[in-house]
Amino acid sequence: MSSSGKGFDISQQEAADLLHKLITESAKVRIALWSPTAGAVATVTGVIKSAEDGQFMVQEGDAIGVPTIGFKPRNAIGFKYGDDRVLPASAPDKTLLFSSALTFIFPDGTLVSVFEIRGSV
């Protein structure tokens with residue numbers, strides 16, 4: 001498995017519990033998807049919503065056609081969690097600050113990270 005950055009390895013159940021917490025709190029998040037196979041990177045800011053097919057979505061607002069990233073956590077083979085112990089104390093580009101990061105690692109090396117937004121500087 002390739003490196004997925006800093007963070008602590010967690011179980012699938014712990015990842016599911018943390019994802020559920022973000023959903024029930026309607027926490028504002030930034031989701032980042034990185035696919036090494038396609039060389040693609042995408043980010044969206046919003047709240048997490050669940051779909052009936054086990055997919056989770058983050059989208060910018062509720063309108064049809066807004067930027068959206070969806071993923072299926074059950075297809076992940078690894079899980080990492082980071083909080084203020086591994087996240088930077090300040091944002092070098094003066095944008096958003098994050099209080100936690102939850103990363104899902106997929107068999108093809110794709111990474112989906114959900115960053116809980118703490119605020120901005």
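The values are calculated or read from the model by the stated rules, or taken from the named source; none is laboratory data. Quick caveat, the model's predicted, so the values are computed rather than measured. Don't worry about glycine lacking a Cβ; one is built from the backbone with ideal geometry, like all the others, and counts go over all protein chains shown.
Among residues that are of a type in the set (Ser, Thr, Tyr), within 15 Å of Glu116 (Cα to Cα) and exposed (fewer than 11 other Cβ atoms within 10 Å of the Cβ), Ser26 is included.
Among the residues of the range 103-114, is there at least one that is aromatic (Phe, Trp, Tyr) and either in contact with a helix residue (DSSP H, G or I) (Cβ under 8 Å, 6 or more places away or on another chain) or modelled with pLDDT of 95 or more (or both)? Within the range 103-114, one or more residues are aromatic (Phe, Trp, Tyr) and either in contact with a helix residue (DSSP H, G or I) (Cβ under 8 Å, 6 or more places away or on another chain) or modelled with pLDDT of 95 or more (or both). Considering the range 49-74, the residues that are in contact (Cβ under 8 Å) with a residue 40 or more places away in the chain and farther than 15 Å from Ala16 by Cβ include one that is surrounded by the fewest Cβ atoms within 10 Å (Cβ to Cβ), namely Ile69.
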